[in-house]
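To start, the structure itself, in structure tokens.
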Amino acid sequence: MGRHLGGEIHRRNLNAALRRHSELDITCRESRLRILDTLAPDAVINAAALCNFSACEEHPEDSLRVNLDAALSWAEECFRRSIRFVQFTSDYIYDGTKHAPYLEEDPPAPLCVYGRHKAEIEKCLGSEPLALILRVAWIFGLGGRTFMSLMPGQMMTGEVLRVAAGKKGSCLHASTGASATLDLLDAGASGIVNLVQRGETSWEEFAIQCLLQMQSMGFAPRCTRIEPVPFSGMTEGSGQRPAYSVLDVGRAEALLRHPLPTWQEALSAYLGELRRAGS
């Protein structure tokens, strides 16, 4: 998400100081204070996170340090200076038992370390007027390393793509997320907002649509078969992912004053980015 935020900030010609992971240790208090005191920004967007599901389960102390403690420390220092703070959370705060799109106010019930730490952020910051908490899910985009981001490349090189079946959720094209994040900041939004594409999907459905769109756009993928695998067999480590985590986008669309693109439209936009990038 950070890369796409940087691109959108550049496109809008905004005055911003961007920092890569290699340039800023978000867990370092001295670095945090130096940047905030030197730059005195109007807003801080924290796009850094330890997102690897297995790594969070195997090393919960690392997830705690990066995903929770660092984020809360940045938020505290921002609020002390009347600086707005934007933080991303996750659909993994839920256990998937609702079977209807989750609203912002639905109580969390995380099944994994990553989800517990994201839920704690929402609990601590959700009512702070200077905080904007964007709940995202299944992010994909140019340069990404997520399953959905890598799917087109896998379809170009392999004849069979194995995907988890039976899991329903929402997804977010990183370009959509970057644009909407800045628009929500401009609109003065605060609190928790679900930010995903319109509509629900599954990894299997996303894969089928990806293959069809690639064929229609002239990609000539080698993939000829999508092989569904039971969702329970795709779970790693001790934690679990929710089997259902569709997010309702009504609040986001009301704040933005326009509908968000559907996931099919976002997938088409992503494939277009790949073509222009020569990937």
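The values are calculated or read from the model by the stated rules, or taken from the named source; none is laboratory data. Only a predicted model underlies this, so the values are computations on that prediction, with no experimental measurement involved. Here Cβ is always computed from backbone atoms with ideal geometry, including for glycine, and neighbour counts include all displayed protein chains.
For the residues ALA180, ALA164, ALA137, ALA187, the requirement of being within 16 Å of GLU227 (Cα to Cα) and not basic (Lys, Arg) singles out ALA164.
One residue alone among GLU23, GLU77, GLU8 is more than 21 Å from the chain's Cα centre (by Cα) and either at pLDDT 95 or above or of a type in the set (Ser, Thr, Tyr) (or both), and that residue is GLU77. Kindly evaluate CYS51 against the criterion of being surrounded by fewer than 22 Cβ atoms within 10 Å (Cβ to Cβ) and assigned to a loop (DSSP other than H, G, I, E, B). When the stated conditions are applied, CYS51 passes them.
Quick check, is ALA71 without any contact (Cβ under 8 Å) to a residue 60 or more places away in the chain, closer than 20 Å to ARG34 by Cβ and not hydroxyl-bearing (Ser, Thr, Tyr)? Yes; evaluated as a whole, the condition is true for this residue.
So for the range 55-78 (the condition being surrounded by 19 or more Cβ atoms within 10 Å (Cβ to Cβ), under 26 Å from GLN197 (Cβ atoms) and not small (Gly, Ala, Ser)), does at least one residue qualify? Yes, because at least one residue in the range 55-78 is surrounded by 19 or more Cβ atoms within 10 Å (Cβ to Cβ), under 26 Å from GLN197 (Cβ atoms) and not small (Gly, Ala, Ser). Scanning the range 123-144 for residues that are in contact with a helix residue (DSSP H, G or I) (Cβ under 7 Å, 6 or more places away or on another chain), of a type in the set (D, E, K, R) and surrounded by fewer than 23 Cβ atoms within 10 Å (Cβ to Cβ) turns up just one, GLU128. Restricting attention to the range 208-228, the residues that are without any contact (Cβ under 8 Å) to a residue 24 or more places away in the chain and either under 24 Å from the mean Cα position of the chain (by Cα) or in a helix (DSSP H, G or I) (or both) add up to 4.
Within the range 1-22, the set of residues being basic (Lys, Arg) and farther than 18 Å from TYR270 by Cβ comprises ARG12, ARG19, ARG20. Being among the aliphatic types (A, V, I, L, M), modelled with pLDDT of 95 or more and in contact with an Asp or Glu (Cβ under 9 Å, 6 or more places away or on another chain) holds for only one residue in LEU130, LEU68, LEU134, and it is LEU68. Within the range 9-41, can you find the residues that are among the β-branched types (Val, Ile, Thr) and surrounded by 10 or more Cβ atoms within 10 Å (Cβ to Cβ)? Selection gives ILE9, ILE26, THR27, ILE35. Restricting attention to the range 258-279, the residues that are without any contact (Cβ under 8 Å) to a residue 60 or more places away in the chain and either surrounded by fewer than 17 Cβ atoms within 10 Å (Cβ to Cβ) or in a loop (DSSP other than H, G, I, E, B) (or both) add up to 5. Checked against (1) over 21 Å from SER73 (Cβ atoms); (2) buried (at least 21 other Cβ atoms within 10 Å of the Cβ); (3) not hydrophobic (A, V, I, L, M, F, W, C), TYR114 meets all criteria but (1). Restricting the first member to the range 16-27 and to residues that are assigned to a helix (DSSP H, G or I), and the second to residues that are buried (at least 16 other Cβ atoms within 10 Å of the Cβ) and modelled with pLDDT of 90 or more, no beta-carbon pair is closer than 6 Å while six or more apart or on different chains.
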